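Below is one structure, written out as structure tokens; comments come after it.
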Amino acid sequence: MRFFRFAKGLYKTIKYNFPWYQKSHWKNELAQYDWNSAKLFGYDWGDPEDSNDRWGNYLEIKKKLLRNIRPTATVLEIGSLGGKWTQYILHARHIICVDINELGFEYIKKKLPHENITFYLTGGDELHGVEDGTVDFVFSLDTLVRVPKTFTKRYFGEIYRVLKPGGKMLLHLPCTQKLVSRAKGFTRLSLEQIEQYCKEYNFKDIVIDKEIIIHGIILEAHKP
């Protein structure tokens, strides 16, 4: 049984964890969604108003997010998709929505038409369109779980580059120590590798929450 679960997880990892697949998949999902629905796209993957969501305490994640958003802040969201989390940071001075899919940008423009939002189409491992030291806070949830480890490591470097001194990140990452993360075939990233990425790029005050969600960990750290 253990071998079967391992084989199934490995199959999902090989099939799904590449930007070209994810780009096509989410484009199709968005295209099929009712754009006139009052509910934003993406709630099947966690409700930020629910402390007992099937994936974990998403309400607490929302609270963590809001505690880090000042009206003067520039906030960068990796994996904005349909704006489910973007809607909570509209009071920030500037929001940079980053995604691999332009259709998500069109959806956000329709559902959240705010002048303080700009968009950056990434190749899946870079933030080249964002200037050094211009961002106060970087946030990502339910996105980096299917990013190859080499891409995740590059993102750590890019996040460090774009953050201002004292800037902070809050990321949801896959983790091999979490059963659901392995069973879903998420990228096989260990706690030790996550800690190593943080140290390699000189992030400080590293906090890894292993309990708040069942399908990975929540990482908080800041740039000194």
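Table for the structure above
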{"quantity": "Gain upon complete extension [A38, K199; 0.36 nm per residue less C-alpha separation]", "calculated": "53.7 nm"}
{"quantity": "Tail fraction, Cα-Cα pairs, segment 68-170, threshold 25 Å, whole percent", "calculated": "11"}
{"quantity": "Rounded percent of accessible protein surface that carbon and sulfur make up, segment 181-224, 1.4 Å probe", "calculated": "47"}
{"quantity": "³J(HN,Hα) computed for each position of segment 167-174 - Karplus, 6.51 cos²θ - 1.76 cosθ + 1.60, integer Hz, glycine/proline x", "calculated": "x, 10, 10, 9, 10, 8, 10, x"}
{"quantity": "Per-residue SASA entry for D47, accessible area with 1.4 Å probe, Å² rounded to 10", "calculated": "40"}
{"quantity": "Accessible-area order (highest first, 1.4 angstrom probe) of the listed residues T150, T118, T176", "calculated": "T150, T118, T176"}
{"quantity": "Sequence of Y155, Y16 when ordered by accessible area, the most exposed leading, probe 1.4 angstrom", "calculated": "Y16, Y155"}
{"quantity": "Amide H contacts under 5 Å for D53, placed H, 5+ residues apart", "calculated": "Y58, L59"}
{"quantity": "Accessible area per residue in Å² at 1.4 Å probe, computed on the chain", "calculated": "48"}
{"quantity": "Cα pair distances exceeding 26 angstrom across the chain, given as percent", "calculated": "32"}
{"quantity": "Per-residue ³J(HN,Hα) for segment 136-141, Karplus 6.51 cos²θ - 1.76 cosθ + 1.60, θ = phi - 60°, Hz, x for Gly and Pro", "calculated": "8, 8, 10, 10, 7, 9"}
{"quantity": "28 Å Cα-Cα reach of K110 towards lysines, excluding residues that sit fewer than 8 places from it in its own chain", "calculated": "K23, K27, K39, K62, K63, K64, K84"}
{"quantity": "Residues whose placed amide H lies under 5 Å from that of L170, excluding near-sequence neighbours", "calculated": "V138, F139, S140"}
{"quantity": "Whole-number percent relative contact order across segment 60-128, with pairs defined as alpha carbons under 8 Å at least 6 apart", "calculated": "29"}
{"quantity": "Residue-averaged [θ]222 nm for the chain, counting only DSSP H segments that reach four residues, each worth -39500 (n - 2.57)", "calculated": "-10500 deg cm²/dmol"}
{"quantity": "Solvent-accessible ranking of Y197, Y33, largest area first, probe 1.4 Å", "calculated": "Y33, Y197"}
{"quantity": "Stretchable slack from E102 to T150, in nm (0.36 nm times residue separation minus alpha-carbon distance)", "calculated": "15.0 nm"}
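The values are calculated or read from the model by the stated rules, or taken from the named source; none is laboratory data. Every value quoted in this text rests on a predicted model; they were computed, and no experiment measured them. Note: accessible area is taken over every heavy atom of the protein model, side chains too, but ligands, DNA and RNA are not part of it. Shrake-Rupley method; radii C 1.70, N 1.55, O 1.52, S 1.80 Å.
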